[in-house]
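Chemist: For reference, the structure I am asking about is given below.
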Amino acid sequence: MLRQPTIRAHRTLPCSRARQPEVFSGSTFGQNSASKHERERHSIATVAPGLCSCCSRTLSPVDLPVRRQLATRGKRVDDVYFIEAGIASVVGDGSGKQIEIGIIGPEGMTGLVVVMGADRAPHDTFMQIDGKGLRISAAKLREA
C-alpha cells in the first residue's frame, strides 16, 4: 500500500528575527558621507585587495559612456577598468549571434584575464549603461 507524501508548511521567522538590511551611518539613499577617495579605495579594495597601497597613484578616473568598448575579443588587454557607476556587458558569440554572458557593475572590474596571467580578452566588453570608473594599465596591474 502506497503512503501519501506529507506536505509541511515552511515556517517563517518573526519580523524581529529577520535579517535587516545594513545601513551605513551618516548616509542617505543615493548619497554617502565618505569622501570620493574613500569610496574609490573601498571599491577597489573589495575587488582587488592589496591594490590600493601599491597602485593608487596609477589609477586614473575616466568617464565610461554608453557603447564604450572596454575589451575586444582576441585583442590584447591594455587597460583594466574598475567600474564605479554604470554597467558593462560581457558578450560572447553563440551560433553566429552575440549573447550577453555576464555583466560588470559597481565594485566590479574588467580584465580579469590580466589577473589570471593572460593578455588577450576572451570576450567583448562594452558599457551598457553609462558611468564612470578608474583605469589602470594592464602592465601596472601585473606589477602589483
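The values are calculated or read from the model by the stated rules, or taken from the named source; none is laboratory data. Computed from a prediction, not measured in an experiment: that's the story for all the values here. Glycine gets a Cβ as well: all are built from the backbone with ideal geometry, and neighbour counts include every protein chain shown.
Chemist: At least 2 residues that are free of Cβ contacts under 8 Å to residues at least 24 places away in the same chain in each: list the strands (runs of 3 or more DSSP E) lying fully within the range 71-144 that qualify.
Modeler: Correct list: 79-94, 97-104.
Chemist: Taking into account only those residues within the range 101-122 that are charged (D, E, K, R) and at pLDDT below 95, which is nearest to D63 (Cα to Cα)?
Modeler: Filtering the range 101-122 down to residues charged (D, E, K, R) leaves 107, 119-120.
Now restrict to residues that are at pLDDT below 95: 107, 119.
Details: E107: 16, D119: 24 Å.
That would be E107.
Chemist: Could you list, in sequence order, the residues of the range 97-120 that are surrounded by fewer than 17 Cβ atoms within 10 Å (Cβ to Cβ), aliphatic (A, V, I, L, M) and under 15 Å from the mean Cα position of the chain (by Cα)?
Modeler: Correct list: I101, I103, V115.
Chemist: Taking the stated definitions as given, is T125 of a type in the set (S, T, Y), surrounded by 13 or more Cβ atoms within 10 Å (Cβ to Cβ) and farther than 24 Å from R57 by Cβ?
Modeler: For T125, the condition - of a type in the set (S, T, Y), surrounded by 13 or more Cβ atoms within 10 Å (Cβ to Cβ) and farther than 24 Å from R57 by Cβ - is met.
Chemist: Please find, within the range 58-70, the residue that is modelled with the highest pLDDT out of those that are more than 13 Å from M127 (Cβ to Cβ) and either among the hydrophobic types (A, V, I, L, M, F, W, C) or not in a strand (DSSP E or B) (or both).
Modeler: L59
Chemist: Can you pull out every residue in the range 76-96 that is closer than 17 Å to D119 by Cα and within 10 Å of the chain's Cα centre (by Cα)?
Modeler: Y81
Chemist: Then there is this: Condition first: loosely packed, with under 14 Cβ neighbours inside 10 Å and among the hydroxyl-bearing types (S, T, Y). Now tell me which residues in the range 79-96 satisfy that.
Modeler: Hit for the range 79-96 is S95, nothing else.
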